[in-house]
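For reference, the structure discussed in these notes is given below.
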Amino acid sequence: MRILVIEHDFVAYQQLCRVWRGEDINHELADTLEDGIELLRHYDFDMVLVGSQPRDINIAALVRRLRGTAITTPLLALIHPVPGEVPNVLNAGADDVMLMPYSDRELIARLHAVLRRVRGFSHQVLRVGPLAIDVENHSVLVNDRPVALTGKEFQVLMLMALRNTRVVTKATFLDHLYGSADAEPDLKIIDVFICKLRKKLADAGSGDIISTVWGQGYRLDTTAAPAEPVVTRPVPPSRRAQRMQLAVLAA
């Protein structure tokens, strides 16, 4: 998951970084709404988190301004416990709201829940064709057969599943997997991940479920035919072998 954090307080942002340590969450900071809108217009994010703004900042107005730019990225807001503020922020366009101080585990759970809900999935298991992807446990089944994936392979598959058959570019994969441009390897690493992922899924019976869209990227193809089981037919014995078997039986 790739999150844009709109937060004026760098210490509060560092606290979020500690909460997300060890999770499959990449994040970037925008310390003003204007910077956040600019980043959302040019880069791909799965979620926006509006952090702990000062009490004199109207969070509902801030969310309304962001939604007024036609940005539809899922948004969760952290707000101070002010009477009437929760419905105001939700009505302004937030997908969910949490009161401060927040629970670390609940924050992570709510981020995943919002993402599943807005992508059209109500449960933690995403089902795409023969695939069953467990979001929380990071496990994958193909026709109820488990498939062992690395962390990066799981993130690649998860991103394509959330895009619901839409094409995902290599640049988007890199942005999702590595976050910081300084840490990004060459684009060819995505081809390596896709190649390994294809083989593991196909070996489990998924068929060629990952399609290449030349010049654009990759997507999940839910119409892919499942792999046909290999049937090994017994080879009939030669006539000489038959005669030898008869001779043994007659002896």
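Starting from residues that are in a helix (DSSP H, G or I) and among the β-branched types (Val, Ile, Thr), keep the ones in segment 1-31 and report whichever is surrounded by the fewest Cβ atoms within 10 Å (Cβ to Cβ).
Applying the filter and picking the extreme gives VAL11.
Looking at (1) under 14 Å from ILE6 (Cα atoms); (2) in contact (Cβ under 8 Å) with a residue 40 or more places away in the chain, which one does GLY36 not meet, given that it meets all the others?
Answer for GLY36: the failing condition is (2).
So which residues in segment 103-116 are buried (at least 16 other Cβ atoms within 10 Å of the Cβ) and free of Cβ contacts under 8 Å to residues at least 40 places away in the same chain?
ARG110, ALA113, ARG116 - these are the residues of segment 103-116 that are buried (at least 16 other Cβ atoms within 10 Å of the Cβ) and free of Cβ contacts under 8 Å to residues at least 40 places away in the same chain.
What's the number of the condition ARG166 fails, among (1) part of a helix (DSSP H, G or I); (2) at pLDDT below 85; (3) of a type outside the set (Asp, Glu); (4) out of contact with any Ser or Thr (no Cβ under 8 Å at 6 or more places or on another chain)?
(1)
Determine which member of the set VAL82, VAL147 is in contact (Cβ under 8 Å) with a residue 24 or more places away in the chain, more than 25 Å from ARG41 (Cβ to Cβ) and exposed (fewer than 14 other Cβ atoms within 10 Å of the Cβ).
None of the other options fit; the residue is VAL82.
The values are calculated or read from the model by the stated rules, or taken from the named source; none is laboratory data. Because the structure is predicted, anything quoted here is derived from the model rather than measured. Cβ sites come from the backbone with ideal geometry, for glycine too, and all protein chains shown count toward neighbours.
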